[in-house]
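Just so it is clear, none of the values below were taken in a lab; they were calculated from the coordinates. Being a predicted model, the structure only gives us computed values, none of them experimental. No Cβ is skipped: glycine too gets one built from the backbone with ideal geometry, and neighbour counts run over all protein chains shown.
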Amino acid sequence: MLEAWRLHQELDPFCSNKFVDELFSFADPYCCGYKLVGAGGGGFALMLAKNLSCAKELREALEKSATFDVKVYDWNIAMPR
């Protein structure tokens with residue numbers, strides 16, 4: 001996911017902005033991947049936490065942050081039993 005994001009930035013240097021760059025830098029210690037998804041215009045960032053603990057810590061850090069006014073949507077990947 002990170003490699004895809006880096007390649008996207010190489011192909012289109014205008015695919016991001018200061019807010020997104022700062023958000024991803026903020027989230028980087030908690031995540032093993034992130035990227036922008038969708039057709040643009042509104043913005044949706046998909047972030048994959050390293051583990052459940054990191055996911056909880058990232059959510060709390062974003063909620064406490066005065067810099068990032070974002071909505072967090074929980075999701076998970078269903079694993080076969």
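Numerical summary
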item	result
Cut-off of 10 Å, at most 16 other beta carbons, DSSP loop: longest stretch of the chain lacking such chymotrypsin sites (Phe, Trp or Tyr not before Pro)	15-43
Length added when fully stretched, Glu60-Asp28, from 0.36 nm per residue minus Cα-Cα	10.1 nm
Under 5 Å, built H, 5+ apart or other chain: amide partners of Tyr34	Leu2, Leu48
About the Cα centre, charge dipole magnitude for the stretch 2-64 (Lys/Arg +1, Asp/Glu -1 at Cβ), debye	180
